[in-house]
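These notes concern the structure reproduced below.
The values are calculated or read from the model by the stated rules, or taken from the named source; none is laboratory data. Note that the structure is a prediction, hence the values are computed from the model and not measured. Cβ placement follows ideal geometry from the backbone for every residue including glycine, while neighbour counts extend to all protein chains displayed. In case anyone asks, the SASA skips ligands and DNA or RNA and just uses the protein heavy atoms, side chains included. Shrake-Rupley method; radii C 1.70, N 1.55, O 1.52, S 1.80 Å.
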Amino acid sequence: MVLPMIRFLNRSLVHRMTALILLGAGLVMLMVLGFSYFSQRNKILSSAMQQSDTLTQSAVFQIEMPLGRTEAVVQQTAIFLEKKEYACAESTELIRRTLERNQDIFGMAITFSEKYIGQSDFKMLYGWRGTEGIQVLDREPENIDYQQDWFYLPYYLQRPVWTEPYHDSDANTLMVTYSFPIVRSGEVIAVVTCDLSLKWLHKLLDTLPLGKGGMSILFSQRGTYISHPIRAYEMTETVFSMAESQADPEMSASLYQLGLDALGGQPGFQTFKHPIDNQTSFIHYRPVPATGWVLGLIQPQKQVLASLVRLNEISALIGIAGLALLLIPALGIAWSVTRPLQKLSVAANQLSSGNFDISLPVIHSRDEVARLTDAFEKMRCELRRYIADLTATTAAKERIAGELSAAREIQMSIVPKLFPPFPNSPDIDLYAILIPAREVGGDLYDFMMLDDEHLYLAIGDVSGKGVPASLLMAVGKTLLKSTMQSVRDPARALTQVNNELSEDNETCMFITMFCAILNVKTGALIYSNAGHNPPFLTRVSGKIERLDEPPGAALGAFQDVKYHNQSILMHTSDLLVLYTDGVTEAMNPSHEMFDETGLLEHIRLEGHLSAKLFLESLGRTVNSHASGAEQSDDITALAVRCRSVTAMSESTSQYTSSAGRKPDSILSIRNLLEEMSRVTNWIEEQGATLDLPQSLLMNLNLALEEWIVNVISYAHPDKSEHTIELRVWRNSNEIRLEIEDDGQTFDPTAMADVDTTLPIEHRKIGGLGIHFIRKTMDRFTYRREKGHNIVSIAKNITGNSDNTGS
């Protein structure tokens, strides 16, 4: 089919136009023929149905006539016998006269029931037409079979019946018997019967005007064939046995259903496949009311529609002749259109070779070809000007391409790309990739050691692509890095950077950012999220955790957004995976995304590899999923793990609790308010390391802030630099902190509690911070040792189980 179509399209325009004109005319002719065929077909079928119905009614009426005469004869005889006693001589004469007057009746009988045999001088009189004329015989009781249908049915039903047709061996013909019971006082005393020969039936059906291929069938109320075109089927086959003998299940079911419908007692018309010649045929059937038989007249569809087929053949020949005559004007029209186009084609070839000075042919008409020539003339002038402009534009693009290449090199130099990044810290396994979607992109990643223990990590995605995104990326990366070095708090750093970026942000661009501080010795990870994809943390056990706490707004979108820190504890060899949406939204040609499902599957399979091998494998997996589709977004990812994590610093060995156990962690700070950010980070780290509930961390933070700010502000009047030390212990159900300073003596537990029931204007100034500590902590104690103040606060962990930080 495809090859002939290609050959047709490669033909000349003359051939195609001529072919299309003839094809259109041919389609119109086919539509007319089709409409004529189907409309005439319906009329012919309707007429055939009416004729068949009329013929069926006439045939049934002719069958009913001898049957009706037989019924009348039997009924008159039975009425006559009901009125007097039965004598053999009178009954014999009655039978003889009846047979003489009704030549179509073969035999007649009067039979007493077994109960009333003794009430007359005969038992059963049977008369018939023999070779020697009409004979009447009185049979003995032992020769009477009362179980046969001709006696059994009218006796027990107490109404006249027609028996099933049967073959009489004595007469060598097909017979049917009509039986009429004589009833007295509700009991049948005798049965009068007449045997009717059916020889006339075949003659009647054979003379029906059914046309060539038409046939008739007659079957009894049990479906047995009484008359059939194949005589061997008569009285040996039923319509249902014929259905069962068919090899084709569809034909078998159709024939079986036809039998059921025909024996339903209503006339009907059906289309079916005839089992004799396998041709589609029409059958019109009608019941014979007297006997319950069904007469069916069958006509092949081919015969019914023969005249219509012949008419269509003649119409088709006339149409073909018309198409042949149409060929001449079609060729003329095609040549008149294509000659100017051939000239225009030669000129167009010259234009395609770059000869824009060639003259186009002159067309004197004002038709479509003339307008096409005018369009080519305009195109020739436009192409001449376009080539000149293109030369200048190409040179400008080459300059821009060089500048973009330089911008890409600058962008890539902004992010760290020396790996391994910390040769002196082999326990830190860190690697990152950045694949921009265009020459320059808007994704970023960053990391650095804030000190010997704390590693700063960040990954972000700028809205948009290209040079504007890369510029905002550079600004955001630089701002965040410098801010983190000073505040060392992810949430505070994001808050400050957001305020800087959102001020006078006329472009409405923004950055999604995830940043964190990882204690490489304890594994404590403090992080904050500004609308970025949540990272995944895969444990050594294979469990994958999604750091999906509700993120804050993207950087630069709104002023004064407050971000919050979250914390979690990384164990030895746990792998933290940061990524941008370019990884999960990478699409293949079918527009199916790689999605988080693909990333999680890759982490499950390759999470045991080193950070470098893991990310290189991830890049190959994403590229394989894309299957050559154009990259739609920057692909950036960062992976980090600590190969060795210790739960407690060695510096805690010189301190013990009241139970003799060393502190879990110690922090030393200077008496400067700027050091409060270190306290907050330290508490967050301890929350992750010691698995503390988030609500408990919040109360500890507030209590520490109240007390340490008080120490910084009032404990050292000389205003010189001093050290404040914090120590923490966790028992099974308690967290305890000690704050030690060398300031002037002050016992907070000795202060009177604030009376919060008084109006604000009547309360004493101060004391609310200590009041807060007393209310939120379970224990609050003080002691003075070796010239140092030591304040101890403790809180039970039970009842603070809403652990949102782990």
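Figures for the structure shown
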{"item": "Positions within the stretch 686-729 being touching a Lys or Arg at 6+ places or on another chain (Cβ under 8 Å) and not in a helix (DSSP H, G or I), in sequence order", "result": "690, 692, 721, 722, 723, 724, 728, 729"}
{"item": "Tabulated pairs, the stretch 148-169, first under 16 Å from residue 234 (Cα atoms), second among the hydroxyl-bearing types (Ser, Thr, Tyr) and surrounded by fewer than 16 Cβ atoms within 10 Å (Cβ to Cβ), C-beta under 9 angstrom, 6+ apart or interchain", "result": "167/173"}
{"item": "Members of the stretch 55-73 found to be over 14 Å from residue 217 (Cα atoms) and either open to solvent by less than 30 Å² (accessible area, probe 1.4 Å) or not assigned by TED's automatic domain parsing to the domain that holds residue 200 (or both), listed by number", "result": "66, 67, 70, 73"}
{"item": "Hits in the stretch 228-245 - residues which are open to solvent by less than 40 Å² (accessible area, probe 1.4 Å) and either among the aliphatic types (A, V, I, L, M) or farther than 22 Å from residue 164 by Cα (or both)", "result": "239, 242, 243"}
{"item": "Residue ID - surrounded by the most Cβ atoms within 10 Å (Cβ to Cβ), chosen from residues in the stretch 440-463 that are under 37 Å from the mean Cα position of the chain (by Cα) and acidic (Asp, Glu)", "result": "443"}
{"item": "Search result, residues across the stretch 705-736 that are closer than 20 Å to residue 565 by Cβ and buried (at least 21 other Cβ atoms within 10 Å of the Cβ)", "result": "708, 726, 728, 735"}
{"item": "Cross-chain or 6+ apart pairs with Cβ under 9 Å, the stretch 713-741 first and within 12 Å of residue 671 (Cβ to Cβ) and assigned by TED's automatic domain parsing to the domain that holds residue 699, then aliphatic (A, V, I, L, M) and exposed (fewer than 14 other Cβ atoms within 10 Å of the Cβ)", "result": "713/673; 721/672"}
{"item": "Flag if residue 640 is at pLDDT 95 or above, of a type in the set (A, V, I, L, M) and farther than 19 Å from residue 436 by Cα", "result": "yes"}
{"item": "Residue in the stretch 405-416 that is part of a loop (DSSP other than H, G, I, E, B) and at pLDDT 70 or above present", "result": "yes"}
{"item": "Members of the stretch 419-433 found to be in a strand (DSSP E or B) and either among the hydroxyl-bearing types (Ser, Thr, Tyr) or at pLDDT below 90 (or both), listed by number", "result": "431"}
{"item": "Qualifying residue in the stretch 557-578 (condition: open to solvent by 40 Å² or more (accessible area, probe 1.4 Å), within 20 Å of residue 640 (Cα to Cα), in contact with a Lys or Arg (Cβ under 7 Å, 6 or more places away or on another chain) and of a type in the set (S, T, N, Q))", "result": "yes"}
{"item": "Residue match in the stretch 533-551 (condition: farther than 26 Å from residue 631 by Cα, in contact (Cβ under 8 Å) with a residue 60 or more places away in the chain and part of a strand (DSSP E or B))", "result": "yes"}
{"item": "Residue satisfying all of: in the stretch 146-185; open to solvent by 50 Å² or more (accessible area, probe 1.4 Å) and among the small types (Gly, Ala, Ser); farthest from residue 66 (Cα to Cα) among these", "result": "185"}
{"item": "In the stretch 479-508, the residues that are touching a residue at least 40 places away in the same chain (Cβ under 8 Å) and either acidic (Asp, Glu) or touching a helix residue (DSSP H, G or I) at 6+ places or on another chain (Cβ under 8 Å) (or both)", "result": "487, 488, 489, 490, 492, 494, 497, 501, 503"}
{"item": "Tally, over the stretch 254-294, of residues that are in a strand (DSSP E or B) and open to solvent by 20 Å² or more (accessible area, probe 1.4 Å)", "result": "7"}
{"item": "Check on residue 120, under 23 Å from residue 289 (Cβ atoms) and in the same structural domain as residue 200 (by TED's automatic domain parsing)", "result": "no"}
{"item": "Within the stretch 609-637, tally of residues that are over 33 Å from the mean Cα position of the chain (by Cα), without any contact (Cβ under 8 Å) to a residue 12 or more places away in the chain and assigned to a helix (DSSP H, G or I)", "result": "1"}
{"item": "Matching residues in the stretch 156-193 - criterion: being of a type in the set (Phe, Trp, Tyr) and modelled with pLDDT of 90 or more", "result": "156, 162, 178, 180"}
{"item": "Residue satisfying all of: in the stretch 76-123; acidic (Asp, Glu) and in a helix (DSSP H, G or I); nearest to the chain's Cα centre (by Cα) among these", "result": "114"}
{"item": "Residue satisfying condition, being modelled with pLDDT of 75 or more, surrounded by 12 or more Cβ atoms within 10 Å (Cβ to Cβ) and of a type in the set (A, V, I, L, M, F, W, C), within set 308, 351, 323, 317", "result": "323"}
{"item": "Per-region count, the stretch 192-221, residues under 13 Å from residue 288 (Cβ atoms) and out of contact with any helix residue (DSSP H, G or I) (no Cβ under 8 Å at 6 or more places or on another chain)", "result": "4"}
{"item": "Matching entry among 70, 111 (being touching a residue at least 60 places away in the same chain (Cβ under 8 Å), touching a Lys or Arg at 6+ places or on another chain (Cβ under 9 Å), under 25 Å from residue 172 (Cα atoms) and among the hydroxyl-bearing types (Ser, Thr, Tyr))", "result": "111"}
{"item": "Matching residues, the stretch 146-202, being more than 14 Å from residue 105 (Cα to Cα) and touching a His at 6+ places or on another chain (Cβ under 9 Å)", "result": "none"}
{"item": "Answer from 710, 731 - the residue that is under 30 Å from residue 688 (Cα atoms) and modelled with pLDDT under 85", "result": "731"}
{"item": "The stretch 785-799: number of residues that are within 24 Å of residue 698 (Cα to Cα), part of a loop (DSSP other than H, G, I, E, B) and open to solvent by less than 60 Å² (accessible area, probe 1.4 Å)", "result": "1"}
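Rundown of residues vs (1) open to solvent by 50 Å² or more (accessible area, probe 1.4 Å); (2) under 29 Å from the mean Cα position of the chain (by Cα); (3) modelled with pLDDT of 90 or more; (4) of a type outside the set (S, T, N, Q), yes/no style:
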residue: 519; (1), (2), (3), (4): no, no, no, no
residue: 531; (1), (2), (3), (4): no, no, yes, yes
residue: 544; (1), (2), (3), (4): no, no, yes, yes
residue: 554; (1), (2), (3), (4): no, no, yes, yes
residue: 580; (1), (2), (3), (4): no, no, yes, no
residue: 585; (1), (2), (3), (4): yes, yes, yes, yes
